[in-house]
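The values are calculated or read from the model by the stated rules, or taken from the named source; none is laboratory data. What you see is a predicted model; the values in this text were computed from it and never measured. Please note: Cβ atoms are built from the backbone with ideal geometry, for glycine as well, and neighbour counts cover all protein chains shown.
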Amino acid sequence: MRTKPVDRIVAEGGQGEGGELKRTMSLLQLTLFSVGATLGTGIFVVLGEAVPLAGPAVVLSFVLAAVTALFSALSYAELAGTIPVSGSSYSYAYATLGELVAWVCGWCLLLEYAVSVSAVSVGWGSYLNEFFDAAFGFTIPAEISNPPGDGGLVNVPAVIVVLFATFLLLRGTSESATANTVMVFLKIGVLLFFCAVAFTAMHSGNLTPFAPMGWAGISAAGSKVFFSYIGFDAASTAGEEAKNPRRDLPMAIMLSLAIVTAVYVLVGLAAVGAMHWQEFDLSGSEASLARVLDEATGRTWPSMILSLGAVIAIASVVLTVMYGQTRILFAMSRDGLVPQVFQKVSPGRRVPVANTVIVAAFISVLAAVIPLGRLVDATSIGTLFAFALVSVGVIVLRRTRPDLPRSFRTPLYPLTPLLGVALCLYLMVGLGGVTWIVFALWSAAGLVAYFLYGRRHSRLAGGSAGKGAP
């Protein structure tokens, strides 16, 4: 239950074994990092699975998920401005709820980031096939483009996009942020193009009945599409590489959430307006938006443009979420809870090279062999748990350290963080029993790892793992 003092967490910010991280990221880059990690994850990949659950009311499901994310985002904004370091909710939990809870939070974040990247990589491969089919009339053989269980042996395209993101991350943070900025603007342009084409094929009859499954369907789809809001906290993982973290981190988190919510609602409305919700049976392909354009227009060129844009733009999700995971592992390693190799910084590039390579290898294996549906739900439950802990952390830190300077304060305290916890738990309940079993097994494995390694090597407890680190 030992907590790490906030002053010590902040003082150690940026420091790793062999060097320190470099502060290069502006408010625009931080905002687009969060947008890049969020926008596309659900709308490009999961919409086809959510529409059959809620019908046209899937638009309200996005709003429900957005409100849940908003309460969590307000808590994130306060803690990011108060504790501007790389560890995101792991570091916030360490300062407020104790080492064991922080470990569980960090362990859940590993599930969130690794699995979400893997899921998006699977979707990337589907859009690559859609583009090849529309442009050249051929597709990559299922044996090497689908995971086992989906008619394939190994998903090679998913591995390729992970390797591309790894290459950018190893070149440096500034270069990664610049590449992400270009990809995010491209992604927004592609989604606006989708809306422009889909709205021309819109039929009011497709929107009735609006909520055929009632509130239960809206809620179930909300639990599913919450996956599409994972990533708005990506800016909080860049606390040690932001130029002005206390000012920019809270602003970046709130701006990114506003941008992605507006785009999601617009795209969701355009999709269900252009194609009847009962036709959203897109089994065998995660490229749901491209299929909407095919069905709505009867032509191939709109879906070809969308698929090409998605191929390029979804890579930004892989890039930014992989970045977030490496920085959380960096913070955990600095605390001694995971091996030292994860905090070693390259003197030249000022990035954690070994950390990035290990993460890339792990994600590549997941993306290559696990089907998308299993990945989505496992990601959502780990994320919701971490978000709930952040909201609790705001309450604890307000009570234990009211003197800390806060560049942003959560409005309507304590109602806002309490609602954040309640909504996260509500959406967690909406996930399936198998997902809960996976979450329980993952958490149990994390506890075993903590008591076998983390507890004995903790720097806060005077362990040996952190020796030599600043």
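Could we say that Val117 is modelled with pLDDT under 80, aliphatic (A, V, I, L, M) and in a loop (DSSP other than H, G, I, E, B) here? Answer is no for this residue. Restricting the stretch 213-222 to residues that are surrounded by 13 or more Cβ atoms within 10 Å (Cβ to Cβ) and aliphatic (A, V, I, L, M), which is nearest to the chain's Cα centre (by Cα)? So, considering only residues that are surrounded by 13 or more Cβ atoms within 10 Å (Cβ to Cβ) and aliphatic (A, V, I, L, M), the one nearest to the chain's Cα centre (by Cα) is Ala221. Considering (1) buried (at least 23 other Cβ atoms within 10 Å of the Cβ); (2) at pLDDT 80 or above; (3) outside any helix (DSSP H, G or I), the lone condition that Pro147 does not fulfil carries the number (2).
Within the span defined as the stretch 163-183, one or more residues are outside any helix (DSSP H, G or I), closer than 26 Å to Val35 by Cα and modelled with pLDDT under 85. Within the group Phe199, Phe210, Phe226, Phe185, which residue is buried (at least 24 other Cβ atoms within 10 Å of the Cβ) and of a type outside the set (D, E, K, R)? Among Phe199, Phe210, Phe226, Phe185, only Phe226 is buried (at least 24 other Cβ atoms within 10 Å of the Cβ) and of a type outside the set (D, E, K, R). Among the criteria (1) farther than 26 Å from Val438 by Cβ; (2) of a type outside the set (S, T, N, Q); (3) in contact (Cβ under 8 Å) with a residue 24 or more places away in the chain, the one Val317 does not fulfil is (1). Thr300 - would you say it is buried (at least 24 other Cβ atoms within 10 Å of the Cβ) and either touching a helix residue (DSSP H, G or I) at 6+ places or on another chain (Cβ under 7 Å) or charged (D, E, K, R) (or both)? Criteria not met by Thr300. Has the stretch 187-205 got at least one residue that is closer than 26 Å to Thr82 by Cβ, out of contact with any Pro (no Cβ under 6 Å at 6 or more places or on another chain) and assigned to a helix (DSSP H, G or I)? No: the stretch 187-205 contains no residue that is closer than 26 Å to Thr82 by Cβ, out of contact with any Pro (no Cβ under 6 Å at 6 or more places or on another chain) and assigned to a helix (DSSP H, G or I).
Taken over the stretch 235-253, the criterion of being at pLDDT 80 or above and small (Gly, Ala, Ser) is satisfied by Ala235, Ser236, Ala242, Ala252. Per this entry, Thr410 is counted among residues that are in a loop (DSSP other than H, G, I, E, B), under 23 Å from Ala65 (Cβ atoms), in contact with a helix residue (DSSP H, G or I) (Cβ under 9 Å, 6 or more places away or on another chain) and among the polar types (S, T, N, Q). When you look at Gly336, is it at positive phi and in contact with a Ser or Thr (Cβ under 7 Å, 6 or more places away or on another chain), yes or no? Yes; evaluated as a whole, the condition is true for this residue.
Looking only at residues in the stretch 296-340 that are over 24 Å from the mean Cα position of the chain (by Cα) and assigned to a helix (DSSP H, G or I), the one that is modelled with the highest pLDDT is Gln340.
Which one of these is touching a residue at least 60 places away in the same chain (Cβ under 8 Å), on the phi < 0 side of the Ramachandran plot, in contact with a strand residue (DSSP E or B) (Cβ under 6 Å, 6 or more places away or on another chain) and crowded, with 24+ Cβ neighbours inside 10 Å: Ala235, Ala252, Ala242, Ala271? Just one listed residue meets the conditions, Ala242.
Among the candidates Leu109, Leu70, the residue that is in contact with a helix residue (DSSP H, G or I) (Cβ under 9 Å, 6 or more places away or on another chain), buried (at least 24 other Cβ atoms within 10 Å of the Cβ) and assigned to a helix (DSSP H, G or I) is uniquely Leu109.
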